[in-house]
Amino acid sequence: MFKRWLLLFCASACAAAVFETVKPPGLDFLHQNSPTRQKYLVETMGGGVALLDYNNDGLLDVFLVNSGKIEDRPRAPETFARNDPRYWNRLFRQNPDGSFTDVTKQAGLAQAGEGNYGMGVAAADYDNDGYTDLFVTSLGKNVLYHNNGDGTFTDVTARAGVAGGGWSVSAGFFDYDNDGKLDLFVTRYMEWDTAHSKSCNEPIHMYCPPGEFPATTNLLYHNLGAGRFQDVSAKSGIAAIKGRALGVAFNDYDGDGFPDVFVANDGMEEFLFHNNGNGAFTEKALDAGVALSADGSPFSGMGVDFRDYDNDGRPDILVTDLARQTYALFHNEGHGTFQYQSLQAGLGAISSGSSGWGMRFEDFDNDGWKDLFVAQGHVMDNVEKVDPSLHWLEPPMLALNQHGHFERADAGFPTPVAGRGAAFGDINNDGWTDVLMSVLGGRPILFRNRGGTNHWLTITLRGTQSNRDGFGAIVKVNGQTQYAGAAGSYLSSSDKRVHFGLDQAAKADVEVQWPSGIDQKLTGVAVDRFLTIREPENKQ
């Protein structure tokens with residue numbers, strides 16, 4: 001009996017780590033959050049990371065968002081010293097040998113904007129010219145960088161009309177009206193600045209909870225073409241309700257052909273904006289069963305993914321939150337409703353003592369089931385003084401998906417850190433998904449997938465009637481479903497290529513349901529390859 005138990009235990013606990021952590025030459029970045037004695041809440045919330053191929057050489061490059069310098073007693077107007085190279089955002093070009101070169105200055109990205117304390121990033125080809133652009137969020141004003149196609153970027157924020165204001169956090173590009181042009185959604189956390197900050201829990205002196213500050217609205221920009229956007233936050237209904245938003249993700253949860261928006265709110269009910277198909281949205285989180293936990297309590301929503309984890313063809317929702325709150329998994333039951341399934345899926349035991357931020361459902365072992373990686377660490381750097389059982393620094397979590405049930409696995413990095421953003425993609429193009437995680441006040445960590453023997457298929461979409469990136473396409477391969485896009489996680493933007501693990505399947509049947517309504521099918525596709533699928537000009 002003991003031998004049988006040991007074999008079962010070692011099936012997961014004794015398995016070799018899925019990842020190895022590496023330090024690629026040239027990827028030299030230190031996130032500067034500038035913690036102060038004043039405990040300004042913004043200090044503990046950054047920073048974002050993006051994986052993108054900005055120069056179309058087939059290799060994923062890295063963009064890292066820096067935050068800035070905060071003084072204990074800042075003077076107005078605040079600049080956050082963003083002109084100082086120590087506080088620049090950074091773009092690293094990947095070289096053919098796997099090393100990286102810092103190209104920030106030559107790419108025109110050296111100036112992050114005085115007065116902008118950096119937060120997150122979204123990457124996509126918003127003008128359909130074939131080159132991936134960058135949108136950077138901040139406490140202050142946001143910045144849109146147009147990719148010129150020659151290795152440089154131009155700040156086009158003013159012309160595009162997307163500067164926003166306030167405390168912007170996560171952002172994502174999606175085509176909410178299926179007109180072939182990518183629109184932009186931006187979450188905002190609260191009404192806050194250093195002049196109106198305060199500390200809490202004296203005499204311990206801690207960061208205040210979000211409820212101490214006024215809620216605010218999110219932003220929705222409609223892409224008009226010709227490089228311009230229109231703020232339709234009020235017109236669309238997005239601004240009709242205030243929240244304390246952090247993460248955002250997109251998917252079509254009710255299968256009506258229009259992308260919906262899930263927003264992770266901190267310390268209050270979550271938001272699910274249903275796309276009405278006429279340019280307007282209706283908030284339906286409570287009706288759909290995704291506003292609160294199973295016992296009707298609000299939780300501290302931070303990161304989010306909106307993806308089918310159990311291969312039933314319907315997108316589910318996972319929200320990370322603070323320790324004592326169990327990561328919230330909402331299973332899509334169909335007919336526009338969800339059911340809270342954290343305990344049933346095994347997440348209760350492995351997440352209740354942890355605080356999660358950036359994350360994603362992704363098939364790391366290519367067995368055909370999406371696993372889970374979470375960047376972890378508490379929001380309060382002195383939380384142990386309040387509760388010794390909680391921890392400011394935590395190692396990341398990896399949970400392997402065993403046919404819809406998650407079991408903790410070895411992420412290959414036991415060192416506790418303050419994990420925040422996380423982006424996912426195949427950095428070395430070997431068919432196995434890697435993770436780049438940002439660390440608050442630290443250096444990013446690259447989790448390189450060790451690989452294995454299972455088969456895989458990675459698809460690049462080329463829209464013609466739809467947006468060029470194919471964002472919003474529903475891709476089905478051998479009974480699995482993926483929603484094309486780069487958003488989700490927390491503050492971050494992932495590889496836009498669509499990855500499938502295929503276990504031992506030697507061939508793949510592929511179906512792409514494009515946002516335009518075109519349905520495209522390929523049968524008997526060879527596996528273990530990178531495949532580009534171009535949208536047909538007409539419906540098949």
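The values are calculated or read from the model by the stated rules, or taken from the named source; none is laboratory data. Here the structure is a predicted model, which means the values were calculated and not measured. Neighbour counts run over all protein chains shown; Cβ positions are idealised from the backbone, glycine included. The protein model used for the area step is the full one, side chains on, heavy atoms only, and it has no ligands, DNA or RNA in it. Shrake-Rupley method; radii C 1.70, N 1.55, O 1.52, S 1.80 Å.
Between amide H atoms placed 1.01 Å from N, distances below 5 Å from residue 529 occur with 456, 458, all of them 5 or more places distant or on a separate chain. For the stretch 230-242, putting each phi into the Karplus relation 6.51 cos²θ - 1.76 cosθ + 1.60 with θ = phi - 60° gives couplings of 10, 6, 10, 4, 6, 4, 7, x, 4, 7, 6, 9, 9 Hz, in residue order, rounded to whole numbers and with x for Gly and Pro.
With the Cα gyration tensor of the chain giving a ≥ b ≥ c as the square roots of its eigenvalues, does the rule (a/c under 1.5 for rounded; else a/b larger than b/c for prolate; else oblate) give rounded, prolate or oblate? Here the chain falls in the rounded category. Annotation: lysines with alpha-carbon distance below 21 angstrom to residue 69 (same-chain offsets under eight excluded): 39, 105, 141, 198.
Take the Cα of residue 204, go 7 Å toward its beta carbon, and the backbone nitrogen atoms of the stretch 381-395 under 16 Å from that spot belong to 381-393. Accessible surface of residue 167, taken over heavy atoms with a 1.4 Å probe and every protein chain present, rounds to 0 Å².
Ignoring ligands, DNA and RNA, what percent of the accessible area of the chain is carbon or sulfur (1.4 Å)?
Working: 9870 of 19680 Å².
Exposed carbon and sulfur together represent 50 percent of the surface.
Straightening the chain between residue 382 and residue 101 buys 97.5 nm, computed as 0.36 nm per residue apart minus the Cα-Cα spacing. What the phi angles of the stretch 481-494 give under the Karplus curve with 6.51, -1.76 and 1.60, with θ = phi - 60°, is a coupling list of 10, 10, 10, 6, x, 10, 7, x, 6, 8, 6, 10, 9, 9 Hz, glycine and proline written as x. Label separation (residue 195 vs residue 240): 3.4 nm, computed from points 7 Å beyond Cα along the C-beta direction. 3J(HN,Hα) couplings calculated from phi for the stretch 63-71 with the Karplus curve 6.51 cos²θ - 1.76 cosθ + 1.60 (θ = phi - 60°) are, in sequence order, 10, 10, 8, 8, 9, x, 9, 10, 8 Hz; Gly and Pro show x. Of 181/496; 370/476; 476/521; 284/496, which pairs sit farther than 18 Å apart, going by alpha carbon to alpha carbon? Cα-Cα > 18 Å for 284/496; rest within. Ordering 182, 153, 116 by Cα displacement along the dipole of the stretch 107-184 toward the positive end leaves 116 in first place; charges were set at the Cβ atoms of Lys, Arg (+1) and Asp, Glu (-1). Note: relative contact order over the chain, using C-alpha pairs below 8 Å and six or more positions apart, is 14 percent. Between amide H atoms placed 1.01 Å from N, distances below 5 Å from residue 106 occur with no residue 5 or more places distant or on a separate chain.
Run the paramagnetic zone check for residue 21: 7 angstrom along Cα to Cβ, then residues of the stretch 367-398 with backbone nitrogen under 12 Å. It comes to 376, 394-397, nothing else. Estimated from the Cβ-Cβ distance and a Förster radius of 25 angstrom, the FRET efficiency linking residue 295 and residue 405 is about 0.70.
Accessible surface area normalised per residue over the chain is 36 Å², counting heavy atoms of protein chains with a 1.4 Å rolling probe. Between amide H atoms placed 1.01 Å from N, distances below 5 Å from residue 200 occur with 206, 208, all of them 5 or more places distant or on a separate chain.
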